[in-house]
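The structure under discussion appears below in the form of structure tokens.
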Amino acid sequence: MEIEEYKLDSERLRKNKNSDRILVLQRMDGKNTLSTKGVPDNRLFTGENKLHAIFDPEESMWYLKFDAGLLPEQFKQWFTTFDKLLTFVKMYYEKRNVLVKEVID
């Protein structure tokens with residue numbers, strides 16, 4: 001593969017991000033996680049359970065989903081952009097001493 005072809009393929013991959021993105025969560029250092037209904041699912045921090053941001057092409061909207069378990073009521077909504085979804089999730093979890101460490105797409 002020539003260098004020009006590689007650059008074109010890399011640019012195309014960067015622009016066409018995955019429609020199912022995983023939000024990796026991490027506890028804040030030195031703080032206990034908080035929740036209105038007890039402790040958040042510890043599997044979210046070990047990778048056994050994952051929080052997904054999914055794009056629905058029919059609706060042209062983003063929504064959230066766990067691999068296992070029920071979503072908090074606040075997460076049961078649609079978002080017009082991934083950035084709005086990510087901002088909402090970050091604000092929600094920061095109040096609970098949890099950080100969005102990484103987005104895997």
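Couple of notes before you dig in:
- Net +/- balance of residues flanking ASN49 in space, Cβ distance below 10 Å, scoring K and R +1, D and E -1: -1
- Close amide H pairs (under 5 Å, H built 1.01 Å from N) link LEU51 with LEU23, residues at least 5 positions away or on another chain.
- Annotation: amide H of GLN77 within the under-5 Å range of LEU64, sequence separation 5 or more or interchain, hydrogens built in the peptide plane.
- Computed over the alpha-carbon pairs of the range 17-104, the distance histogram in 5 Å steps reads 3, 14, 26, 28, 17, 8, 3, 0, 0 percent, short to long.
- For the set LYS31/LYS65; LYS17/LYS84; LYS50/LYS101, the pairs lying more than 18 angstrom apart at their alpha carbons are LYS31/LYS65.
- Interchain or long-range residues, amide H under 5 Å from MET61's placed H: ASP56
- Residue-wise HN-Hα coupling along the range 77-85, computed from phi with Karplus coefficients 6.51, -1.76, 1.60 (Hz; x: Gly, Pro): 8, 10, 10, 6, 9, 5, 4, 5, 4
- Extension gain, LEU99 to SER19, is 26.6 nm, computed as 0.36 nm per intervening residue step minus the present C-alpha separation.
All of the numbers you see were taken from the coordinates with simple rules; none came from a lab. Predicted, not measured: the structure shown is a model, and the values here were computed from it. Using ideal geometry, Cβ is built from the backbone for each residue, glycine included, and neighbour counts are taken over all protein chains shown.
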